[in-house]
Every structure is written in C-alpha cells, then in structure tokens.
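S.K.: Starting off with a structure, shown below.
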Amino acid sequence: MTWAFGYLVCIIVGLVLASVTGLIRDLRALAHHGVVVPHSDLHRPFLGFVAGRLGAGLILLGVVGLALSARRGAEPRSALGWACVAGGVAATAAMLLLRRRLVPDVGGGRAVVVKEIQPGGYGQVRLERDGVTVLLAAQSADPSPIPAGSEVEVVECTRSVLIVRLPGRG
C-alpha cells in the first residue's frame with residue numbers, strides 16, 4: 001500500500017462519515033444562512049458529534065497528504081506530519097463552526113401548522129425567524145387536535161420539538 005492510496009482512503013472515509021452524520025447538510029445550511037437543527041433521531045448525539053468532526057479532519061488530512069505526497073522529493077514522514085496538522089485544524093474548525101443550534105428564542109412566537117397535531121401525538125409546524133423558514137416537529141399543549149393551516153403560539157422548545165397551542169388559550 002502506498003502513502004497516496006492511504007490518503008485517498010482517508011478522503012473516502014471522511015466523505016462517508018460527513019454524509020452519514022449530516023455534516024454536509026449542516027455545511028449547506030450554513031452556506032444558505034439557514035438554521036442548523038439537531039437531527040438526534042438519526043444517531044446517537046455523541047457518536048454523530050465525534051464522527052462528523054472526525055470526517056472533516058479525515059477529508060482535509062487526505063487532501064493535504066495526497067497533495068504533498070504527489071510532490072516529487074517530499075519526505076513521507078514530513079507529508080504525514082503536515083497532513084495530520086491540517087486534519088486536526090479541520091476537525092477543530094468544524095467543532096467551533098458547526099455547533100448545533102436550536103431555533104433561537106422561540107418562546108411566545110407564532111408558527112403555522114403544516115401537519116395536523118393530534119393530542120398526545122406529534123405534528124409539524126413552519127416557523128419563520130429573520131427570513132429563515134424552518135420545519136420542526138411539534139406537540140400540542142391543548143387537549144384537542146390542531147388542524148393543518150392553523151396559526152399557533154409556541155409555548156416552549158424541548159430539543160427539536162416545539163410545544164404549541166392555539167392562540168388565546170392557556
């Protein structure tokens with residue numbers, strides 16, 4: 001196995017981790033000034049956090065290592081050292097830039113029901129903040145169903161689920 005092949009494997013493994021953990025989606029949301037919403041239902045939160053950051057690090061490690069090993073006369077140990085430094089910087093940058101954020105300060109806001117919310121069940125609401133539209137899961141604080149198209153008040157936000165009620169109640 002050559003060093004170049006090892007770096008290529010790092011790139012591929014990093015891309016797989018980035019796509020599986022939602023890192024690519026988070027980067028696209030940041031590019032469109034969107035809100036990064038947790039997707040904890042897909043995997044364990046700690047595993048997703050570590051794997052996503054590890055994916056970013058492996059991608060840059062592989063790219064830098066491949067570029068340096070392609071240069072003629074580059075020493076393999078030196079290329080590996082610089083690649084590891086670049087991977088560590090990428091993982092740290094991903095950790096700092098891609099902290100998961102919930103929708104900021106949603107208490108007391110308004111949302112529109114997209115999917116009917118049954119008592120004790122879940123539905124979906126559309127929330128708009130600063131020109132950004134986000135669809136989130138919602139539960140009703142009311143004992144009666146809330147039909148789609150209704151405007152609701154946001155009572156509280158628990159992780160990525162909003163607790164909502166019809167205006168004027170409570």
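The values are calculated or read from the model by the stated rules, or taken from the named source; none is laboratory data. Given the structure is predicted, the values throughout are model-derived calculations rather than measurements. Glycine gets a Cβ as well: all are built from the backbone with ideal geometry, and neighbour counts include every protein chain shown.
S.K.: From Val35, Val63, Val50, grab the single residue that is at pLDDT below 55 and surrounded by fewer than 20 Cβ atoms within 10 Å (Cβ to Cβ).
M.R.: Details: Val63 fails: at pLDDT below 55; Val50 fails: at pLDDT below 55.
Of the residues listed, the single one that is at pLDDT below 55 and surrounded by fewer than 20 Cβ atoms within 10 Å (Cβ to Cβ) is Val35.
S.K.: To continue, here is another question. State yes or no: is Gly120 loosely packed, with under 14 Cβ neighbours inside 10 Å, at pLDDT below 85 and in the same structural domain as Val132 (by TED's automatic domain parsing)?
M.R.: Spelling it out, Gly120 is indeed loosely packed, with under 14 Cβ neighbours inside 10 Å, at pLDDT below 85 and in the same structural domain as Val132 (by TED's automatic domain parsing).
S.K.: Looking only at region 134-159, which residues are loosely packed, with under 14 Cβ neighbours inside 10 Å and hydroxyl-bearing (Ser, Thr, Tyr)?
M.R.: Of everything in region 134-159, those that are loosely packed, with under 14 Cβ neighbours inside 10 Å and hydroxyl-bearing (Ser, Thr, Tyr) turn out to be Ser144, Thr158.
S.K.: Please tell me if Gly81 is under 30 Å from Leu8 (Cα atoms), modelled with pLDDT of 85 or more and surrounded by fewer than 16 Cβ atoms within 10 Å (Cβ to Cβ). Walk me through it before giving the result.
M.R.: Values: under 30 Å from Leu8 (Cα atoms): yes; modelled with pLDDT of 85 or more: yes; surrounded by fewer than 16 Cβ atoms within 10 Å (Cβ to Cβ): yes.
Judged against the criteria, Gly81 is a match.
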